[in-house]
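Trainee: Before anything else, here's the structure in question.
The values are calculated or read from the model by the stated rules, or taken from the named source; none is laboratory data. Nothing here was measured: the structure is a model prediction, and the numbers come from that model. A quick note on method: Cβ atoms are made from the backbone with ideal geometry, for glycine too, and the neighbour counts reach across all protein chains shown. Heads up: the accessible areas ignore ligands, DNA and RNA and are worked out on the full protein's heavy atoms, side chains in. Shrake-Rupley method; radii C 1.70, N 1.55, O 1.52, S 1.80 Å.
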Amino acid sequence: MRAPAKLAAYGAVLAVVVGGGAGLGAAAGPIDVDDDAEHATHPAADAAEATPAADVLPGGLAVAGPGYRLDVPVTTLADGEPSTFAFRVVDDAGAPVTRFAVEHEKRLHLVVVGRNLVDYAHLHPQLGEDGTWRVEVPALPAGSYRAFADFRPTGADALTLGVDLTVTGAPPAIELPAPSRRAEVDGYEVELAGDPRPGESELTFTVSRGGEPVRTDPYLGAAGHLVAIRDGDLAYLHVHPLDGEGDEIRFAAEFPSPGRYRLFLDVAHGGAVHTAAFTVEVPEAGAAVDDHAPSPEPGDEHESH
C-alpha cells in the first residue's frame, strides 16, 4: 500500500479502460505465519539507505517501476481450482532481486483482485534461492484479474507493481454493489466510519458478532490490514494503519481522485482471517459527504471465498 497518487501525472501518463463492477468480497482462511522476520532485513535497519519516495502514479498501474519490474512467465490460471503462481522481481539488468525489507511482517504481499472488484485474495509467497516467488492461488472464478506485488527491496523505495492475470472460462456477470458502510462476513458485522475525500482520509472500522463488540487479533503487525482499489483502472492506493482506541481499527487512506473505490479489510479472529469489503464513493473536493449511506439488508451482498 504505497505510492501516493498525483492526478496530474496520472492523467498525463496512463488511462486504462476496463469493465466490471463489484460486490461484497469475503475471503476467509487460516492465519498465515512464516519465518520471513527471521530471514529478511527489517525496514528500520534499511531506512538510512532508502531514498525519499518520488511523486509517482498510484501503485499497481504498471508492471515496472524505478529500477524494478515484475517477470511473470505465466499469466493464465485454471478455472475452479488452485493454481501455483510464480514470478520474480528483477532489476534493470534483468537480475533477480533476492533481498527485501520486512513490511507489515512480510517481505512481499501479493494481492489478487478481480476486475469485477469482488474476488479477492491476499497472499504471502515464499522466496526461493533463485529469486522466484511462489504461492498457491486459491480457486478463483473465470475472469480477468490484477495481481499486485507490494514490496520494498533492501535499500530502495517501496513499490507496488501490477500484472494482469486471466482465469480461463466464461466469467459470471456481477454488478458493483452500491456504497455501504456495513458489511457481513462469516457471522461478523463490520461497520465503517469516516469521510472518504480526495487526499488523505481517516477511516475507522468496528467489528461485532451477535451484537457484541469484537476485539480482533493482531494481523500483520496491526489490528487489521486494509487494501483500497480504485474502480476503473484498479489503482492500488496508499493506506497505513493508525493507533486505534478500544475496539476501533483505524487507517489513513490517500484517495487520489473523486470516484468509486473498493475497500478490502482483513481482520484476524478465532484463528482465521476474515475479509469484509465495502464500496465507497469519494466526492469532488468540497462536496458534502453523505454520512448515512444506505446499508444493505443481511444476505443482499455477494460473498466470495
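Trainee: State yes or no: is D231 over 18 Å from the mean Cα position of the chain (by Cα) and not hydroxyl-bearing (S, T, Y)?
Mentor: When the stated conditions are applied, D231 does not pass them.
Trainee: How many residues does segment 156-195 contain that are over 30 Å from R209 (Cα atoms), small (G, A, S) and open to solvent by less than 50 Å² (accessible area, probe 1.4 Å)?
Mentor: Residues in segment 156-195 being over 30 Å from R209 (Cα atoms), small (G, A, S) and open to solvent by less than 50 Å² (accessible area, probe 1.4 Å): 3 in total.
Trainee: Now for a separate question. Can you name the number of the only condition in (1) without any contact (Cβ under 8 Å) to a residue 40 or more places away in the chain; (2) in contact with a helix residue (DSSP H, G or I) (Cβ under 8 Å, 6 or more places away or on another chain) that E191 fails?
Mentor: Only one criterion is unmet by E191, namely (2).
Trainee: In segment 81-135, which residue that is of a type in the set (K, R) and buried (at least 19 other Cβ atoms within 10 Å of the Cβ) is nearest to G60 (Cα to Cα)?
Mentor: R115
Trainee: Here's something else I'd like to know. Take E284 and tell me if it is open to solvent by 50 Å² or more (accessible area, probe 1.4 Å), at pLDDT below 95 and at negative phi.
Mentor: For E284, the condition - open to solvent by 50 Å² or more (accessible area, probe 1.4 Å), at pLDDT below 95 and at negative phi - is met.
Trainee: Quick test for you: out of D266, D290, D233, D300, pick the one residue that is at negative phi, at pLDDT 90 or above and outside any strand (DSSP E or B).
Mentor: Residue meeting the stated conditions: D233.
Trainee: Given (1) in contact with a Gly (Cβ under 6 Å, 6 or more places away or on another chain); (2) within 27 Å of V280 (Cα to Cα); (3) among the charged types (D, E, K, R), where does D150 come up short, assuming only one miss?
Mentor: (1)
Trainee: Scan the strands (runs of 3 or more DSSP E) fully inside segment 110-171 and keep the ones with 1 or more residues being out of contact with any helix residue (DSSP H, G or I) (no Cβ under 6 Å at 6 or more places or on another chain) and basic (K, R).
Mentor: 132-137, 143-151
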